[in-house]
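Report on the structure given below.
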Amino acid sequence: GELGDRTRKAKSAQKGSNKLLALMTRPEFILTGILFVLVQGSCAMFIGNAGLFGEALGLPADTATSVVKALSYANCAGRLVAGLSMDFSASIVPPSAFFIITCGIFCSSQMLLLLATPGSAQTLSLFFASAIGAGLCYGANFAIVPTFLASSFGPEPLGSLYASLVTTLAVVTTGFNMLAGSVYDREFERQKEEANLLQLLVARRAREDLEGSTPLAIAGELGADAVGAGGEALPVPAIQRIEQADLDAGVCRGRGCFNATATVGFVGGVVALLCGMLLLQRTGWSRHKRPPGIPPPRDAEKKLIERRD
């Protein structure tokens, strides 16, 4: 009766939950989750703060905006290119192989960002290439992951597995953006402190006529006022000259505004690349199964016919 139907539905739901939990604890899913949240979280951190990174590198506001636009185009292109590539190579290339490509692109993009220096002739080219790489990787992984999950675990649990990854990504992305904001704010406060210290040094030099003294002697004359955040004496040449307009606008300048952020992204990309290699080892060419509807190669057909005969 009705009680029996409820019991059967409850048992069926419990069985489905147990099956889903078993799939989530498989090494393939865990590796995919680590790879996905690290790369996509780092890419989202770059995308969300690309404008600030451009300002820190000294790029004009309109140029930084153009780079952000190019990044969004690359995001769209990554989804299309990855999807079409997997469709055309589905019979010979496992989806996990594409993780190696995207992780490699992302690591390269973060390395280019670390090489960018304010005032250098290559700054715009390096930043532009870094943005394009991050956008391609971010878009491509959103096309690769569902395909990989469907080929490894079947289409039935795809929705639940993919939803769990995207939900986790939302939390991780928040953490990555908080990290980027913290690095940016901390560097800005340091620059503000040094700018104030520079003004104090100049005023003291003019007041006490210390032009013949060395920078360290001036710092020593100022005592505690010339001590940096780390407790060290700050010589005049080591103090970066910051425009007052930037301080008033809360704009951070220099590589220090994003250097730690890009380093975290690069390390995350390397870890994701290692996870991708492990996935390729576990689900590589030897274990790759053709999706339904795709005919086997001609040589395989001939062997099947010979065996039947």
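The values are calculated or read from the model by the stated rules, or taken from the named source; none is laboratory data. Since the model is a prediction, treat every value here as computed from it, not as a measurement. We place every Cβ from the backbone using ideal geometry, glycine too, and count neighbours over all the protein chains shown. Protein only, heavy atoms only, side chains kept; ligands, DNA and RNA dropped before computing areas. Shrake-Rupley method; radii C 1.70, N 1.55, O 1.52, S 1.80 Å.
Here are a few things to note about the model shown:
- Top-ranked residue in the range 56-111 [being of a type in the set (S, T, N, Q), in contact with a Gly (Cβ under 9 Å, 6 or more places away or on another chain) and closer than 15 Å to G139 by Cα; ranked as surrounded by the fewest Cβ atoms within 10 Å (Cβ to Cβ)]: S72
- Hey, A116 of a type in the set (A, V, I, L, M, F, W, C) and farther than 22 Å from T283 by Cβ or not: yes
- Filtering the range 112-126 to residues that are surrounded by fewer than 24 Cβ atoms within 10 Å (Cβ to Cβ) and part of a helix (DSSP H, G or I) leaves L112, L114, L115, T123, L124, S125, L126.
- Residue within the range 178-187 that is more than 22 Å from V251 (Cα to Cα), among the small types (G, A, S) and touching a residue at least 12 places away in the same chain (Cβ under 8 Å) present: no
- When L35 is tested against (1) open to solvent by 20 Å² or more (accessible area, probe 1.4 Å); (2) within 15 Å of the chain's Cα centre (by Cα); (3) closer than 15 Å to V270 by Cα, exactly one condition is not met: (1).
- P146 being touching a residue at least 24 places away in the same chain (Cβ under 8 Å) and either surrounded by fewer than 21 Cβ atoms within 10 Å (Cβ to Cβ) or touching a Ser or Thr at 6+ places or on another chain (Cβ under 7 Å) (or both): no
- Restricting attention to the range 45-55, the residues that are closer than 22 Å to V171 by Cα, open to solvent by less than 20 Å² (accessible area, probe 1.4 Å) and small (G, A, S) total 1.
- Residues of the range 164-200 that are more than 23 Å from C43 (Cβ to Cβ) and either modelled with pLDDT of 90 or more or open to solvent by less than 60 Å² (accessible area, probe 1.4 Å) (or both): F188, Q191, E194, A195, L197, L198.
- Residue count for the range 258-273 under the criterion of being among the hydrophobic types (A, V, I, L, M, F, W, C) and closer than 16 Å to F53 by Cβ: the result is 5.
- Residues being among the basic types (K, R) and closer than 18 Å to A129 by Cβ - total across the range 37-93: 1
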